Each structure stands twice: as structure tokens, then as C-alpha cells.
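Report on the structure given below.
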Amino acid sequence: MSAHTPGLVRAVALAGPTGAGKTSLMESILIAAGARAARTGGGGGGVGDSSPEAKARGHSVELNFASFDFLDDHYAIIDIPGAVECAAEGDNALPAVDLVVVVTSPDPNKAILLQPTLKELERLGVPRIIFVNKMDQAQPSLITGLLAALSEVSATPVVARQLPTWSDEHVSGYVDLALERAWAYQDGAMPERVTPSEDVVAEEKDARFHMLEQLADFDDQLLEKLVSDEDPEKELIFADLVRELNECLITPVFFGDALKGNGVFQLLKALRHDAGSPQSAAQRLGVTGPGAYVIKTAYAGQAGKLAYVRVLGGPISDGAELTLPDGAHSRAGGLFAVQGSATKKIGHAPAGDIVAIAKLDEAKPGQFLSLDGKAKQITVALTPRAAVFGLAISVKNRNDEVRLASSLAKLIEEDPSLVLVHEADTHQVVLNGQGEAHLRLTLERLKRRFGVEVDTAPVETPYQETIKAAVTQHARHKKQTGGHGQFGDVTVEIKPLSRGEGFQFSQRITGGVVPKQWIPAVEQGVRDAMGKGPLGHPVVDVSVTLIDGSYHAVDSSEMAFRTAGRMAMDEGLRKCGPSVLEPIEKVTIHVPMACTSAVTSMLSSRRGQVLGFGPREDWKGWDTVESYLPRAELGDLIGELRSLSQGLGSFEHHFDHMTEVVGRHAEQMRA
């Protein structure tokens with residue numbers, strides 16, 4: 001039994017860490033299926049990674065879309081970037097596919113790099129298999145350790161579908177544990193069936209029995225046969241493999257080498273027989289009826305905006321009217337098949353396919369556009385990634401101000417992990433994202449595609465000032481000109497308030513020494529002075545009381561008393577023991593347990609206060625570290641955190657409180 005139904009169009013995603021060989025595997029799949037010519041010179045020049053930014057970096061930085069036919073079935077394939085700073089590209093794609101192939105190297109020490117991807121697939125309920133790539137670099141002694149390491153990072157049992165075979169310490173083929181057949185690799189061609197040696201037969205029997213035991217944990221009929229020492233029928237074994245995969249009960253493992261084409265035909269057969277139907281993806285998204293789920297949008301030069309969609313519930317035709325989740329209507333202004341950077345105009349697309357649709361200007365990633373006229377919302381939880389790094393930006397050419405705003409809006413729509421913030425305290429425009437490399441990539445796109453160049457600067461910390469002592473301060477503003485002069489005379493009491501109380505103004509004027517109509521002007525003058533205290537920052541947590549003053553019947557005015565109030569505050573603040581306050585963030589860091597000690601040391605070196613740490617909920621082998629950290633120390637935190645944790649560390653943060661800057665850091669700020 002298999003999940004294969006003739007005529008179904010399946011969608012498959014390739015995911016995993018950078019350097020695992022996902023794009024090479026996509027190229028090999030396309031070559032094996034006849035969708036592109038064979039490589040020349042060992043690789044390169046293929047369908048994926050065609051953008052200038054990807055070529056410059058030597059790895060994927062955006063989704064690559066392609067399609068192919070295999071044994072009269074049609075497949076859409078998405079290559080998802082593995083670089084942690086570009087991984088958000090796949091967040092809207094993963095829920096919409098029928099199967100995810102998680103690609104890894106044979107190094108057991110790198111198995112932990114799969115854990116974030118596997119956890120997300122577990123959360124979404126997406127079936128997945130693991131393809132161990134680069135088997136030409138593997139050693140026989142490492143395979144057992146690799147499977148054990150994979151089991152540690154997978155919430156479901158890792159089931160080896162194949163047993164690699166070896167010749168002179170190099171992988172030479174495999175045994176299919178379900179079929180009990182041995183095959184020898186033929187680089188770039190179909191493998192050749194061979195007769196296994198006695199040693200391989202013995203090892204295969206043990207590996208096969210272990211596979212059956214794992215499957216029997218979810219099938220009582222198979223368990224009974226194993227307990228009775230009966231050899232189960234192959235139909236039962238294949239039925240269990242398909243069912244348990246698509247119910248996300250197991251994670252099958254395949255082996256191969258993408259550059260040599262080894263293992264690719266077997267992977268294609270698994271896609272054909274084991275991958276579920278598009279209906280399962282629609283159920284996962286929580287939508288019914290015909291329509292198109294938006295995986296990504298992109299602005300493609302003269303072609304305008306393209307929406308890359310998965311067609312679900314029925315075919316879609318060029319010119320079809322689509323209903324957005326808010327009830328608005330939009331017409332498909334062109335339908336395109338996508339093969340890497342190449343597009344081809346088509347008249348219609350079948351259910352299950354992934355295509356590009358032009359002129360859906362209001363469509364956004366993560367939306368379902370229905371074909372039956374009814375507005376529909378997806379129900380799957382798409383969790384946005386928190387921004388962890390920011391750069392202040394400003395245009396090189398002031399004439400580009402308007403274009404900067406519109407161009408960034410398009411890039412942010414394409415990449416929802418970007419956030420643009422106008423910081424009121426520091427008056428900076430800050431672009432936030434997943435790391436410095438992510439933002440540099442965005443700014444390269446901004447220049448290449450929209451012709452807008454920007455300067456960058458570090459994000460400034462919004463320091464504040466407060467006072468420690470009280471003072472009574474007198475100030476007189478007196479100025480005589482040719483006509484009316486200026487006269488304002490005030491005495492104020494300046495006192496500190498508790499942290500977070502802000503600013504309070506009151507008056508105890510008696511006898512009308514300051515007329516009532518000018519008391520608000522005194523308050524405004526005080527506020528003017530608080531905009532920038534003696535240490536150069538806004539002043540907070542201060543109480544000011546107007547207690548005395550005098551006026552001139554002719555020369556006094558609103559402006560004169562405002563000036564006097566500002567003078568009194570300027571002079572008084574210097575005598576009140578001013579100190580600098582800095583914002584403190586509550587930071588929650590997630591890292592593998594092996595990195596916890598290094599992370600706590602790193603936090604201490606950044607003036608942080610570790611509040612505690614413990615096991616991360618539902619993440620085996622991970623810790624969560626809670627701390628207070630000055631916002632000034634957040635700037636390059638993600639870079640150091642990732643360097644300490646093989647790129648796996650992540651954090652969230654929010655403002656918690658303000659506190660006084662003390663010690664060496666305070667001395668440096670005063671210098």
C-alpha cells in the first residue's frame with residue numbers, strides 16, 4: 001500500500017542547516033527526473049541560487065521554486081535557505097507542503113543543527129523524512145552514532161529505511177530494509193541490484209528487525225506477528241511506513257550523495273509512494289474549497305508583484321477572480337510556471353501545484369485566496385520571528401526619502417521577518433531583522449532592485465537622566481530693549497521622584513507674585529529644560545514646585561516667564577546630583593545545554609544579571625536562560641550568542657525597567 005494516487009500533484013520542501021547540500025539535492029532531483037541537463041564540471045549553473053546575492057554568498061538566501069515530472073506524476077519543490085539569518089523565508093512555506101525532506105550531513109556532531117527545523121515541523125504537524133547527504137564523506141563507524149544523535153533531536157522515532165553498504169571504508173550502496181534488496185550505487189544513474197555478502201545479510205536482518213519493532217509500536221497487528229516470529233507481509237510493512245509517516249508518528253531516514261546522484265532515485269520513489277495528498281495540506285492550513293495559499297510575494301521588476309502560491313482544492317485559471325481574507329476581490333493578472341528564476345506563462349494550474357500569479361497587489365504571505373467568493377482565514381499558527389538585530393539607516397541622497405519608504409515597504413512585505421521602526425526617543429529610523437548579514441542582504445537588494453542607497457549607523461540607546469538631591473533655585477530673566485523689556489522672576493523647588501513617576505509640576509504662589517496667567521509658561525520653561533539635562537539626556541522622575549517670584553507690570557510676559565522657568569531648571573539640575581539612567585531589558589535566551597555555561601558567562605561580561613536557567617519546555621537537551629541586560633548590550637548579542645551555540649541560540653526581549661548607570665561604565669559616559 002502507498003499514498004500514491006495517479007494525477008495528484010505533490011509539493012515537497014527541502015530544509016535543513018546551511019551547507020547540508022539542499023540546493024545540490026534539488027538540482028540532482030531535477031536531473032534524475034529529466035527536468036534539467038546533467039551537471040558539468042561537478043555542479044553549479046543550475047536552477048537554484050540564481051540571484052546576485054546568493055551567488056555572492058555561495059548559498060541560498062531566498063526560496064527557490066522548481067517543478068518536475070517523475071513516472072507521469074508532477075511535483076513542485078521548494079528549496080528553503082538554511083542560513084539561520086534567512087531561515088524565515090521558509091516559515092510560510094512549511095505548512096503548505098505535503099512532505100519536508102530535512103537534509104543533513106553524516107556528521108553526528110551536526111545532528112543538533114536539525115532540531116529547530118524538526119521542532120517547527122512537529123509543531124505544524126508536517127510529515128518529514130531525513131536525507132543524510134554527502135555519504136562519500138561518511139565512515140561506517142559513524143552511522144550508528146549518527147542515528148543515535150538524530151534520535152536525540154527528533155520527537156518521533158528515527159526509522160532507518162536503508163542500511164548503507166561499504167567497500168574499502170567508502171559507501172558503495174545500500175540495502176532497502178523494507179524490500180530486503182541490495183543495490184550498488186552508479187554515480188548519476190539508477191543503482192544496480194546486487195547480491196549482498198553474508199556479513200551484510202546478517203547486519204541487514206538486525207537492522208530490519210529494529211525497523212519493524214519501531215513500526216510495531218504503532219500497529220498491534222505487526223506487533224503480534226513479531227511476537228509470534230512471523231515474517232510480516234511486505235504490503236503490511238509498506239502500509240505502516242506510509243501511514244506512520246503521514247500521521248507524523250515516525251521520521252524515516254534515507255542516505256545518499258546529491259552531487260554524485262546517489263540515493264536520489266530512491267528518494268524520488270519515496271516521494272511518489274509515501275508523500276500525502278494536497279488535501280492534507282489544506283486541512284493543516286484549516287481551509288476548505290478551491291483557492292490559493294500565498295507562500296511568498298516578490299516584486300519582479302517590470303513584471304510587478306508576483307505571488308507564489310500553492311493551488312489547493314481545485315485548479316486555477318488565468319484571469320480567475322480571487323477573494324482575499326478581508327472580503328476584497330482581486331483578479332489573477334497572469335499565471336506562471338516557475339523554474340528557478342525563469343517563469344513561463346500558462347493558462348491554468350492543477351490543484352497541488354505551486355505557481356506565480358501576477359497583479360495580486362493586495363495579497364500577503366500566509367493568506368488564503370479563495371476561488372468560491374468566500375473570505376477565508378487560515379487557522380494554522382504562523383509564528384513571526386522576533387527581530388534580534390537592528391541598524392539605523394538614512395538615505396545617502398535626500399531626494400530618495402520617498403523612494404526609501406516605498407521600497408522598504410515592498411521588501412518588508414516579501415520578508416516579514418524585517419521590521420522598520422521610527423524611534424521617537426533617538427529620532428533614528430531603525431531596520432530590524434535576524435542578524436547583521438540579514439540586514440546587509442536587505443540593503444543590497446534595496447540598492448540593486450530599487451536604486452536606493454543608505455548609510456547605516458549603530459542603534460542609539462535612549463538614555464535618560466534623573467536627580468538624587470533636592471534644591472531650591474531662583475532665576476531672573478531681565479532684558480531691556482528700546483521698547484518694552486522682558487522680565488520674569490521665579491523660585492522653584494526641585495525634588496527627585498521615585499523611579500517611573502515621571503514629572504510633576506505644582507505651585508504654592510501666594511499674594512499673586514506670579515500672575516496665574518503666566519504660571520503655565522513657567523511650567524513650559526521647566527519642561528523645555530528637561531528635554532536635555534546637564535548630562536545630555538532627557539530628564540525624568542522630577543518634581544518641580546513654583547514657590548515664589550515677581551513680575552513687572554509692563555515688561556513681564558509669557559515668554560519672559562517661560563525663559564525664567566527654563567533658566568531656573570537648567571541651573572538647578574546641575575546642583576541636584578544628576579545621574580544617567582539606562583533601559584534594562586528582560587532577555588530570554590534559548591540554547592543547547594552544552595552552551596549554557598558559556599552563555600551565562602557572556603551575559604555577566606555584558607553587565608547582565610542572570611535570573612536563572614532551566615530546561616526549555618518541550619525541547620530535549622536545551623536550556624532557557626532568563627536575565628536582565630542593559631539595552632546598550634543588545635546590539636551584537638545575537639552574533640556572539642550564535643558563535644557560542646553553532647548558530648542555534650535565539651532570544652526574545654522586552655523593556656523591563658530603567659536603572660542608574662554606575663561604576664566604570666558611568667565614568668566612561670561622563671568622560
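What follows is calculated from the coordinates using simple rules that are stated; it is not laboratory data. No experiment lies behind these values; they were computed from the predicted model shown. Glycine gets a Cβ as well: all are built from the backbone with ideal geometry, and neighbour counts include every protein chain shown.
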Cα pair distances of the range 582-670 binned at 5 Å [whole percent]:
3, 14, 26, 24, 16, 10, 5, 2, 1, 0
Cα pair distances exceeding 18 angstrom across the range 247-305, given as percent
62
Helix-only mean residue ellipticity at 222 nm, the chain, DSSP H runs n ≥ 4 weighted -39,500 (n - 2.57), per residue, nearest 500. What is it?
-8500 deg cm²/dmol
Of the options Leu322, Ala337, Val311, report the single residue whose Cα projects farthest towards the positive end of the charge dipole of the chain (beta-carbon charges: Lys, Arg +1; Asp, Glu -1).
Leu322
Multiply the residue gap between Val227 and Ser141 by 0.36 nm, knock off their C-alpha separation, and tell me the result in nm, one decimal place.
27.9 nm
Taking alpha-carbon centroids only, the range 422-499 lies from the range 379-396 a number of Å equal to 24
When the convex hull of the Cα atoms of the chain is projected onto a plane and the area is averaged over all directions, what value comes out in nm²?
38.6
The range 221-234 - phi-based ³J(HN,Hα) in whole Hz, Karplus 6.51/-1.76/1.60, Gly and Pro as x
4, 5, 4, 4, 5, 5, 5, 8, 6, 8, 7, x, 5, 4
Compactness relative to 2.2 N^0.38 Å, alpha carbon Rg of the range 61-192:
1.14
Using a/c under 1.5 as the rounded threshold, could you call the range 389-457 rounded, prolate or oblate? The axes a ≥ b ≥ c are square roots of the C-alpha gyration tensor eigenvalues, and prolate needs a/b larger than b/c, oblate otherwise.
rounded
Among Asn92, Asn262, Val12, which residue has its Cα furthest toward the positive end of the charge dipole of the range 9-276, with +1 on Lys/Arg Cβ and -1 on Asp/Glu Cβ?
Asn92
Taking loop as defined by DSSP and a crowding limit of 15 other beta carbons within 10 Å, which trypsin sites (Lys or Arg not before Pro) in the range 536-622 fit?
Lys575, Lys620
Quick one: dipole size for the range 63-219, taken about the Cα centre, charges +1 on Lys/Arg Cβ and -1 on Asp/Glu Cβ, in debye to the nearest 20.
260
The answer for the net charge of residues other than Leu113 whose Cβ lies under 14 angstrom from its Cβ, with Lys and Arg +1 and Asp and Glu -1, is +2
Taking the Cα centre of the range 465-577 as origin, sum charge times position over the Cβ atoms of Lys and Arg (+1) and Asp and Glu (-1), and report the length of that vector in debye to the nearest 20.
140
Semi-axes a, b, c in Å (a largest) for the range 9-117, each sqrt of 5 times a Cα gyration tensor eigenvalue, come to 21, 17, 14
Take Phe218, Phe131, Phe68 and order them by how many other Cβ atoms sit within 10 Å, fewest up front.
Phe218, Phe68, Phe131
Kirkwood Rh (inverse of mean 1/r, distinct Cα pairs), the range 510-632, angstrom
18.5
Arrange the following residues from fewest to most other Cβ atoms within 10 Å of their Cβ: Asp206, Asp489.
Asp206, Asp489
Charge-dipole axis of the chain as Lys and Arg at +1 and Asp and Glu at -1 on Cβ define it, positive-most pick from Pro278, Leu114, Leu439:
Leu439
Those trypsin sites (Lys or Arg not before Pro) from the range 469-531 that are DSSP loop and have at most 14 other Cβ neighbours within 10 Å turn out to be Arg499, Arg508
Within the range 9-276: Cβ-based charge dipole about Cα centre, in debye rounded to nearest 20 (Lys, Arg +1; Asp, Glu -1):
1020
GluC sites (Glu not before Pro), restricted to the range 597-638: which are DSSP loop and have at most 16 other Cβ atoms within 10 Å?
Glu617
Could you tell me how far the Cα centroid of the range 184-198 sits from the Cα centroid of the range 207-276, in Å?
20
If you rank Met602, Met593 by fewest surrounding Cβ atoms within 10 Å, what's the result?
Met593, Met602
